[in-house]
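Undergrad: Pasting a structure here, questions to come.
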Amino acid sequence: MKQLYVIGDPVTHSKSPLLHNTMCALLGLDYEYACRTVKREELAGFLTAVKGENCAGFNATMPFKELLLPYLDALDPLASRLGAVNTVCIKDGKLYGYNTDCPGYIAALRRRGFDPKGKRAVLLGAGGAAKAVAVGLCEAGAEVFVANRTSDKAKALTALFPHQMYPMAWPDLHAPELARADLLVNATSLGMVGQGQFGDFAFLQALPPACLVSDLIYHPTPTELLRRAAAQGLATMGGFPLLIHQAILALEYFTGQTIPPDAVLPALERAVGAQG
């Protein structure tokens, strides 16, 4: 049996073992997936050690999505463009980096019935998660307005797609971009357990009735943002769909097998639902 991990600090809260072990059991794949706490100063030692283990690869969460880059032997073009990896495969003692957050989010949207092509999205945040979402949306044909509490970071992100991405002020009730939005995405840590909260939610009132409100956070479920959006009658999507779809793509990289989403999605959705 080959080993798979998710590394980070902290990491024991991760739902990745639940998702991957559910898929492996369902598909008869001889892999076991576990959490492995790795501190920043332990990364180099971990990478040396894991190459000598019966390990096919690992997923990476905070703080390693960018810290891993100098250690990799090869980088997928999308991961290179994003400057971040969340999936590392180990083959013949070499490390190959990929990013499944970007395509995973678009797959989650489409399963939700939302086609990004020709749509307008307001993206809150300009960090690593926001970058993956922004690139995915632009490549899928959307127009993206980026709002970040530090405006310089929003401007830097929009430079990736200068004809499709535009900086905007941190959203308030009067932001004109909100009134035309088809999609609002929270890619900040606001609302996550142990983090801060939005100062107020008045900006939700500016969204049109058909707008989909998406939050990448899945702990808690639902977030306060989604709870208030739903109370207003807006459609919502939490963080679990992204988590599920990026996990499917990651397992394809680890195993080299194509995994039809419809073959595993019902079981994954039940597993996540049972966990809360």
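Undergrad: How long are the semi-axes of the ellipsoid equivalent to the chain, from square roots of 5 times the Cα gyration tensor eigenvalues, in whole Å, largest first?
TA: That gives 32, 20, 17 Å for the three semi-axes.
Undergrad: Counting alpha carbon pairs within less than 8 Å and at least 6 residues apart, what relative contact order, in whole percent, applies to segment 1-75?
TA: 45
Undergrad: For segment 187-207 and segment 214-274, what is the separation of their Cα centres, given in Å?
TA: Cα centres, segment 187-207 to segment 214-274: 20 Å.
Undergrad: For n ≥ 4 DSSP H runs only, could you compute -39500 (n - 2.57) per run for the chain, divide by its residues and tell me the 222 nm figure to the nearest 500?
TA: -11000 deg cm²/dmol
Undergrad: From the square roots a ≥ b ≥ c of the eigenvalues of the alpha-carbon gyration tensor of segment 1-115, which class results: rounded (a/c under 1.5), prolate (a/b over b/c), or oblate?
TA: oblate
Undergrad: May I ask you to give the solvent-accessible area per residue for segment 71-153, in square angstrom, as obtained with a 1.4 angstrom probe?
TA: 39
Undergrad: A further question on this structure: Hey, how many Å between the Cα centroid of segment 57-121 and the Cα centroid of segment 5-53?
TA: So the two Cα centres are separated by 16 Å.
Undergrad: May I pose another question? Of the DSSP beta bridges with both residues in the chain, give the percent that are antiparallel, rounding to the nearest 5.
TA: Within the chain, antiparallel bridges account for around 20 percent of the total.
Undergrad: Roll a 1.4 Å probe over the protein heavy atoms and report the accessible area of residue 240 in Å², nearest 10.
TA: 20
Undergrad: Out of the total accessible area of segment 6-45 (probe 1.4 Å, heavy atoms of protein only), what percent is carbon and sulfur?
TA: Ligands and nucleic acids excluded, carbon and sulfur give 50 percent.
Undergrad: Can you give the accessible area of residue 192 in Å² (nearest 10), computed on protein heavy atoms with a 1.4 Å probe?
TA: Around 80 Å² of this residue is reachable by solvent.
Undergrad: Can you give the relative contact order of segment 89-242 as a percent, counting alpha carbon pairs under 8 Å and 6+ residues apart?
TA: 20
Undergrad: What shape does segment 71-161 take by its C-alpha gyration tensor, where a ≥ b ≥ c are the square roots of the eigenvalues and a/c under 1.5 counts as rounded, a/b above b/c as prolate, and the rest as oblate?
TA: oblate
Undergrad: Kindly sort 174, 13 by accessible area of their heavy atoms, largest first, with the probe set to 1.4 Å.
TA: My answer, sorted largest first, is 174, 13.
Undergrad: Among 219, 57, 164, which residue has its Cα positioned farthest towards the positive end of the charge dipole of the chain, with +1 placed on the Cβ of Lys and Arg, -1 on the Cβ of Asp and Glu, and the dipole taken about the Cα centre?
TA: 164
Undergrad: Tell me, what is the percent relative contact order of segment 64-103, built from C-alpha pairs under 8 Å that lie six or more residues apart?
TA: This gives 42 percent for segment 64-103.
Undergrad: What figure, in Å² to the nearest 10, do you get for the accessible area of residue 160 with a 1.4 Å probe and non-protein molecules left out?
TA: 60
The values are calculated or read from the model by the stated rules, or taken from the named source; none is laboratory data. Note that the structure is a prediction, hence the values are computed from the model and not measured. Virtual Cβ from ideal backbone geometry, glycine too; neighbours counted across all protein chains shown. Remember, those area values only see protein heavy atoms, side chains included, never the ligands or the DNA or RNA. Shrake-Rupley method; radii C 1.70, N 1.55, O 1.52, S 1.80 Å.
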